[in-house]
Amino acid sequence: MLDVRGLRKVYEGSGRRVEAVRDLTFTVDPGDLVCLVGPSGCGKTTLLKCMAGLLEPTGGEVLLEGRRVDGPPPGTAFVFQEYGRSLFPWMRVGENVELPLRQKDMSKAERRALVRDALESVGLADAAGAYPWQLSGGMQQRVAIARALAYEPRVLLMDEPFAAVDAQTRADLEDLVRGLWRQRGITILFVTHDIDEAVYLGERVIVLSASPTVVREQLTVDLPAERDQLHTRVDPRFAGLRTRVYEQIQAAKRGEVRDALTKSSTPPPR
Ligand SMILES: Nc1ncnc2c1ncn2[C@@H]1O[C@H](COP(=O)(O)OP(=O)(O)O)[C@@H](O)[C@H]1O
Ligand SMILES: [Mg+2]
């Protein structure tokens, strides 16, 4: 579904040169839920922007269903970290959710139905007439998710979407994402710097090195599909996986290059 091949991104300008991403190669299968985790500043947002066609790579390429991405691809939706900046404050919630649908060829009634369905999916059926600033941070992020869902994407790219909400809301939103993924069969790439979140959410976790970034490790999360905040997080298997990812991130921060280029997709031994 998604194919990242030898992706490299160097920022240049104002006398500064930053090699944010050195060499990233990985794939995401249709219907997969992959979490990308890596230290702050390692180029996660840069990578997602390249995948979303918002930023041109310096080298390598991103393929979506076999086609090279060179602009925002149809069928792909994004949820950004800063919900505060991603919703239009002068538009009601329903209008915000409806906005991307205006470029689709469909009747007003069809659009309305999608908006209603998406808001219902995120538990905000009653909020269509409110303004974003009348809602809590967690609710605003739900609206951003609803807007992405209404668009009926095949691929959903999420960039640290819950970094700015409180822990309880975050747990709810994590369950919401897993629930939607299971219901709708969307392919999701979820970026986070939070190790627990990556293991709890993902079917697979890709660990990135510190910048200049390469793929450090890929882990299959062999936890049951049915997860819940109470039991999954105390499962010894969960602890084993999070320790493994934690060690990789620590090593990445120390700048160890050992193993950095070997990409195993086997889970660690039990
Ligand atoms: N527009 C830009 N111009 C120059 N450097 C940038 C730009 N955007 C990001 N960077 C740099 O690229 C690196 C990766 O940034 P980013 O992709 O935001 O990382 P992350 O999302 O993992 O925190 C950082 O060193 C950052 O300072
Ligand atoms: Mg970022």
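What follows is calculated from the coordinates using simple rules that are stated; it is not laboratory data. Keep in mind the model is a prediction, meaning the values are calculated, not measured. Cβ atoms come from the backbone with ideal geometry, glycine included; neighbour counts cover every protein chain shown.
Worth a mention:
- C-alpha long axis of helix 167-184 to longest principal axis of the chain, angle in °: 80
- Value of Rg to Rh for the stretch 137-205 (Rh from inverse mean 1/r over Cα pairs, i.e. Kirkwood): 0.92
- With respect to the chain, whose longest principal axis is taken over its alpha-carbon atoms, helix 236-253 is tilted by about 70°.
- Dipole in debye (nearest 20) - the stretch 86-152, about Cα centre, beta carbon charges: Lys, Arg +1; Asp, Glu -1: 140
- Gain in span if fully extended, D70 to A225, counting 0.36 nm per residue against the direct Cα distance: 52.4 nm
- Every Cα-Cα pair in the stretch 119-246 was counted, and those over 25 Å apart are 28% of them.
- Spatial offset of the stretch 194-237 relative to the stretch 1-36 amounts to 19 Å, using the alpha carbon center of each.
- When the chain is treated as a GNM with alpha-carbon contacts under 10 Å, the residue of R16, R92, R116 showing the greatest mean-square fluctuation is R16.
- Averaging over all projection directions, the Cα-based convex hull of the stretch 103-157 occupies 4.3 nm² in the image plane.
- With neighbour counts taken as other beta-carbon atoms within 10 Å, the residues H193, H231 rank, fewest first, as H231, H193.
- Basic side chains Lys and Arg get +1 at the Cβ, acidic Asp and Glu get -1 at the Cβ, and with that the dipole of the chain about its Cα centre reaches some 440 debye.
- Percent of C-alpha pairs per 5 Å bin in the chain, short distances first: 1, 6, 13, 16, 18, 17, 13, 9, 5, 2, 0, 0.
- Local electrostatic count at G137 - Lys and Arg +1, Asp and Glu -1, tallied over other residues with Cβ under 13 Å: 0
- Of all lysines in the structure, those lying under 16 Å Cα to Cα from K9, and not within fewer than 8 positions of it along the same chain, are K44, K49.
- Applying 1/(1 + (r/R0)^6) with R0 = 41 Å to the Cβ-Cβ distance of D196 and Q103 gives a FRET efficiency near 0.65.
- Net +/- balance of residues flanking L189 in space, Cβ distance below 13 Å, scoring K and R +1, D and E -1: -2
- Residue order for R85, R111, R182, fewest other beta carbons within 10 angstrom first, comes to R85, R182, R111.
- Footprinting exposure proxy for M139, M51, M1 (fewest neighbouring C-beta atoms within 10 Å first): M1, M139, M51
- Helix 108-121 vs. the chain, principal-axis angle (Cα, 0 to 90°, nearest 10): 60
- For the chain, built as a Gaussian network whose Cα springs stay under 10 Å, the top-fluctuating residue of Q140, Q250, Q218: Q250
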